[in-house]
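Working notes for the structure below.
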Amino acid sequence: MTTTDVSGLTGAAAAAVEAARDHLLGLQSPEGWWKAELETNVTMDAEDLLLRQFLGIRSDADTKESARWIRSQQREDGTWANFHGGPADLSTTIEAYVALRFAGDPVDAAHMRGAAAYVREAGGIEGSRVFTRIWLALFGQWSWDDLPVMPPELMFLPSRVPLNVYDWACWARQTIVPLTVLGSLRPVRALPFDLPELRCGVRPAGGARGWGAAFNALDRVLHVYERRPVRPLRRAALRRAADWIVARQEADGCWGGIQPPWVYSLMALHELGYGLDHPVVRRGLDGLERFTIRDEKGRRLEACQSPVWDTVLAMNALADAGVPADHPSLLRAAEWVVGEEVRGPGDWAVKRPDVPPGGWAFEFDNDVYPDTDDTAEAILALRKVSFPGAEEPIRRAVRWLEGMASRDGGFAAFDADNTRELCTKLPFCDFGAVIDPPSADVTAHVVEALAGEGLAGSAVVRRAVVWLLRAQEEDGSWFGRWGANHVYGTGGAVPALVAAGVGPGKPAIRRAVAWLEEHQNPDGGWGEDLRSYDDPAWIGRGESTPSQTAWALLALLAAGERSPAVEAGVQWLVDHQRPDGNWDEDLFTGTGFPGDFYINYHLYRLVFPVSALGRYLGAAT
């Protein structure tokens, strides 16, 4: 690229940033926050109908509109996937099929025949994940006797004993506790149809070894206990589980701000005698409306909402784009973020009882579970705004972050030292991450935030930097736990290390730069397919997307690069921008559970390109 070309690209990038900045400012709510759709897969909608069928409140109108959305996501081969363009998923297809049966879709319709044929070929109901079979057991389509046992008596295990509820990640423990109630009470509701067409008649082969075999043996013992539990102990365990669940309901009626514990908690409490008119149940059901989207595509539920995350990313992006620190939009956003600070205790205090509270959660209401990732980005965002009221919240957040370091120096999202892998060996846990160990992307964001507070030389940051350097993959990249995947991890690690004082010329940074340049697509962008979590052949490979291209550029710019790779990446963003200033991004680039559950954050396509282009222009001046 010639000097004239570079000069022309700088002008084009400036125009792109201006248009994107204005579009982003136009999306801000009057209260100061940003929140875009958090898109997942159709299991959210299928399970919502199953929940309503269980509680006896499913309406024809909701069923019709949910079915319209579910049908729109079915592929030509009759299947449903867990992410756009991904492979067919057995359990997702089963749950979507059941939802369409609720809507009256005939089993001999072409789209239903295609789905059922895939289900049988892929192993049938018999081969589905445990959670899908739990849903089917609730409606008599699977035997409770053929499910792994998780007794509610585990509520009595102290936190130092393996397999206590705090050994699971926060999202898993909130799900498991109500499931222990349902598994002990074994309710069965009527279903207006049966599902013989989804059975293949063959059970999956066993053959677990090591801890898996040991836990299978334990599960057989627990099945015997389930038939004759110690009644006083069981009653006490159910009372403790109910109290634990109720104590963790948030102000808006949710549990953890996420769908799985929400629906299971409602069903568990209902089985324990909490009627539909009970305030806890009523708040829970009413709160689901906040997560419901109704538009021309149909009715669908968000698995979660990300207003704090979206807002702090938007604030950082606008600051990178040159929006002044006293701009009214940034001041309004800062005031809202400060008002969302978590000031009370949460489950994180089980491992860190002496750490004072502080920080931020991901959602509107999730005060029991602030997380280090949102807190780090909030600190970075608030520091870019001239808002005097942010000083004390930042101080408390920094203190909380420092206290949340795990023993190995890294940072996890919600808990410290949540690394006991015994949980992952249970036959019950065949879907999704169930522990919350430190990850490179979260550790990087914390390092960057603390370094920005002048703490690069502190013991906490030095240990975290060592953790990051040790976590670097042999190829020079970093694994991305909460975003797809190595492009995300590398896009976060490089800026953090440079901010903490690791020179751009150091071997770790040069290896990361080389990896990014090697994995740039011929069109100039970057992309990584979510299949990279399961198949290493996909690492760093995939269709270019705006968010992933921006992540790569953020790393390269932090490393001081003004290379043809950077110019090509900037050109890709300029060329793919829409007339309204936004970008299109159908592919999912967010991660819930690596290998199992993925997210399309609809604001990622905008905020990260704004940051990348803004920093590119800043480096050019």
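Per-structure values
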item: Computed over region 529-616, the ratio Rg/Rh where both radii use C-alpha atoms and Rh is Kirkwood; result: 0.98
item: On Cα atoms only, tilt of 546-558 relative to the major axis of the chain in degrees; result: 50
item: q = 0.07, 0.12 Å⁻¹, the chain: log10 I(q)/I(0) [Debye, one scatterer per Cα]; result: -0.44, -1.31
item: Ranking of Lys35, Lys351 by count of other Cβ atoms within 10 Å, fewest first; result: Lys351, Lys35
item: Computed over the chain: relative contact order in percent, which uses C-alpha pairs under 8 Å that are six or more apart; result: 17
item: Options Val607, Gly454, Leu516, ranked by Cα towards positive dipole end of the chain, top entry (Cβ charges); result: Gly454
item: Reach of Lys506 by Cα under 18 Å, taken over aspartates and glutamates that are not fewer than 8 positions away in the same chain; result: Glu448, Glu473, Glu474, Asp475, Glu517, Glu561
item: Relative contact order (%) - criterion: Cα under 8 Å, at least six apart; region: region 279-421; result: 24
item: Largest to smallest principal axis extent of the C-alpha atoms in region 85-185, angstrom; result: 54, 32, 22
item: At R0 = 35 Å, FRET efficiency that the Cβ-Cβ distance of Lys64 and Val202 yields, to 0.05; result: 0.50
item: Area projected by the alpha carbon convex hull of region 189-343, averaged over all directions, nm²; result: 17.6
item: Lysines whose Cα lies under 26 Å from that of Lys297, excluding same-chain neighbours fewer than 8 positions away; result: Lys35, Lys64
item: For Thr591, distant residues with modelled amide H under 5 Å away; result: Gly483, Ala484, Ile599
item: Crossing angle, helix 391-403 versus the chain [Cα axis fit, 0-90 degrees, rounded to tens]; result: 60
item: Partners for Lys351 among lysines (Cα-Cα distance below 29 Å; same-chain residues under 8 apart left out); result: Lys425
item: 0 to 90° range, to nearest 10: angle between helix 259-271 axis and the chain longest Cα axis; result: 30
item: Dipole magnitude of region 16-152, debye to nearest 20 (Cβ charges: Lys/Arg +1, Asp/Glu -1, about Cα centre); result: 180
item: Estimated 222 nm signal from helices in the chain, with DSSP H stretches of n ≥ 4 weighted -39500 (n - 2.57), rounded to 500; result: -15500 deg cm²/dmol
item: Percent of Cα-Cα distances greater than 23 Å, calculated over region 487-568; result: 17
item: Square roots of 5 times each gyration tensor eigenvalue, C-alpha, region 41-146, largest first, Å; result: 19, 18, 12
item: Scattering profile of region 343-429 at q = 0.24 Å⁻¹ [log10 I(q)/I(0), Debye over alpha-carbon scatterers]; result: -1.20
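Taken together, the values in this text are just the output of simple stated rules run on the coordinates, not laboratory data. Note that the structure is predicted; figures quoted are calculated from it, not measured. In this analysis, Cβ positions are derived from the backbone assuming ideal geometry, glycine residues included, and neighbour counts consider all displayed protein chains.
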